[in-house]
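Have a look at the structure below, then the notes.
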Amino acid sequence: MSGYTLRDGLSFCRTEGQVIFLDLHADRYFGLRPALDQAFRSLIDANHIDARQCDALLEAGIIIRSPVGIRPAPCPRSHASEARLPIAKPRLSPAYLASALTRRFWWRARLRQLPFSRNIRSIERRKLGVAPRTAPTDRLAHIDQAYRRAAMIVSARDQCLPTALSLASWLIALGIRPDLVLGVKLNPFQAHSWVEVDGMVVADDPDQVRPFCPIRII
């Protein structure tokens, strides 16, 4: 039985009654025009579309044929829980603070120089080389504090992506497997990115990320 899957680089989520796509290669979020949106909903909800609808989605580059009977699935919700890092704040490490600032600046420059997809794939590849294990909360607390203090020195406003990429990269270097989450919300449209480890949001506020629907988890 043949099926369909998203073309490479695409992911999607359903939020507030809308289907939103992320195209890694084009570095953009988008929705489909009504006719294509209806065809795509028919595929993911009923696993059936007529030949005309199928051809339209194939021609638009949204789906490709698959040799197995599958259909596109939305990005799963992240598993962030109410668990938080220890409330007792550790003593701020100047070395960790300097590293947080340096890494943020480095990833901000890298994002300007290299395609969005290449930066994301870099995190994906490096994460594959890290064995799953329970992350040490004391080290996470130190890194969390370093990033929060860094944001007080150099504003992280509108810098969530380089901040999250730098944090994920650092954690991977320490042998920790983070989830880099890209999320969206509507009315008005906003995108946000953050990092979770073992269900805990690191260097961000759970209340801040909760309104965002994950569209891709790396």
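The values are calculated or read from the model by the stated rules, or taken from the named source; none is laboratory data. Quantities reported herein were computed from a predicted structural model and do not represent experimental measurements. Here Cβ is always computed from backbone atoms with ideal geometry, including for glycine, and neighbour counts include all displayed protein chains. For the accessible areas, the whole protein counts, side chains as well, though only heavy atoms, and no ligand, DNA or RNA atoms are used. Shrake-Rupley method; radii C 1.70, N 1.55, O 1.52, S 1.80 Å.
Note down all Cβ pairs under 6 Å where the first residue falls in region 181-199 and is free of Cβ contacts under 8 Å to residues at least 60 places away in the same chain, the second is open to solvent by 20 Å² or more (accessible area, probe 1.4 Å) and not in a strand (DSSP E or B), and they're at least six residues apart or on different chains.
These pairs meet every condition: HIS192/CYS160; SER193/CYS160; SER193/LEU161; TRP194/ASP204.
For residues that are open to solvent by 70 Å² or more (accessible area, probe 1.4 Å), part of a loop (DSSP other than H, G, I, E, B) and under 19 Å from ALA46 (Cβ atoms), tally how many sit in region 3-35.
Selection size over region 3-35: 0.
Looking at GLY175 and the list (1) surrounded by fewer than 18 Cβ atoms within 10 Å (Cβ to Cβ); (2) more than 24 Å from PHE21 (Cα to Cα); (3) touching an Asp or Glu at 6+ places or on another chain (Cβ under 8 Å), which single condition is not satisfied?
With (1) surrounded by fewer than 18 Cβ atoms within 10 Å (Cβ to Cβ); (2) more than 24 Å from PHE21 (Cα to Cα); (3) touching an Asp or Glu at 6+ places or on another chain (Cβ under 8 Å) applied to GLY175, the lone miss is (3).
Being open to solvent by 40 Å² or more (accessible area, probe 1.4 Å) and modelled with pLDDT of 90 or more is the filter; apply it to region 36-54 and report the residue that is nearest to the chain's Cα centre (by Cα). Please lay out each step first, then the result.
First pass over region 36-54, keeping only residues open to solvent by 40 Å² or more (accessible area, probe 1.4 Å): 38, 41, 45-48, 50-52.
Filter once more, keeping what is modelled with pLDDT of 90 or more: 38, 41.
On the way: GLN38: 26, ARG41: 23 Å.
It comes out as ARG41.
Among the residues that make up region 178-192, is at least one of them surrounded by 18 or more Cβ atoms within 10 Å (Cβ to Cβ) and in a loop (DSSP other than H, G, I, E, B)?
Yes, the conditions are met somewhere in region 178-192.
Does LEU165 meet the test of being modelled with pLDDT of 95 or more, of a type outside the set (Lys, Arg) and touching a Phe, Trp or Tyr at 6+ places or on another chain (Cβ under 8 Å)? Reasoning before the result, please.
Numbers: modelled with pLDDT of 95 or more: yes; of a type outside the set (Lys, Arg): yes; touching a Phe, Trp or Tyr at 6+ places or on another chain (Cβ under 8 Å): yes.
Criteria met by LEU165.
How about region 16-35: which of its residues are at negative phi and under 15 Å from the mean Cα position of the chain (by Cα)? Spell out how you get there, then give the answer.
Pass one, region 16-35, residues at negative phi: 18-26, 28-35.
Answer for region 16-35, where residues must be at negative phi and under 15 Å from the mean Cα position of the chain (by Cα): ILE20, PHE21, LEU22, ASP23, LEU24, HIS25, ARG28, TYR29.
Condition first: more than 19 Å from VAL19 (Cβ to Cβ) and surrounded by fewer than 20 Cβ atoms within 10 Å (Cβ to Cβ). Now tell me which residues in region 201-217 satisfy that. Before you say what the answer is, go through the steps one by one.
So the first thing to find is which residues in region 201-217 are more than 19 Å from VAL19 (Cβ to Cβ), and the list is 201-210.
Within region 201-217, ASP205, PRO206, ASP207, GLN208, ARG210 qualify.
What about ILE70, is it at pLDDT below 90, outside any strand (DSSP E or B), out of contact with any helix residue (DSSP H, G or I) (no Cβ under 8 Å at 6 or more places or on another chain) and surrounded by 11 or more Cβ atoms within 10 Å (Cβ to Cβ)?
On the way: at pLDDT below 90: yes; outside any strand (DSSP E or B): yes; out of contact with any helix residue (DSSP H, G or I) (no Cβ under 8 Å at 6 or more places or on another chain): yes; surrounded by 11 or more Cβ atoms within 10 Å (Cβ to Cβ): yes.
Spelling it out, ILE70 is indeed at pLDDT below 90, outside any strand (DSSP E or B), out of contact with any helix residue (DSSP H, G or I) (no Cβ under 8 Å at 6 or more places or on another chain) and surrounded by 11 or more Cβ atoms within 10 Å (Cβ to Cβ).
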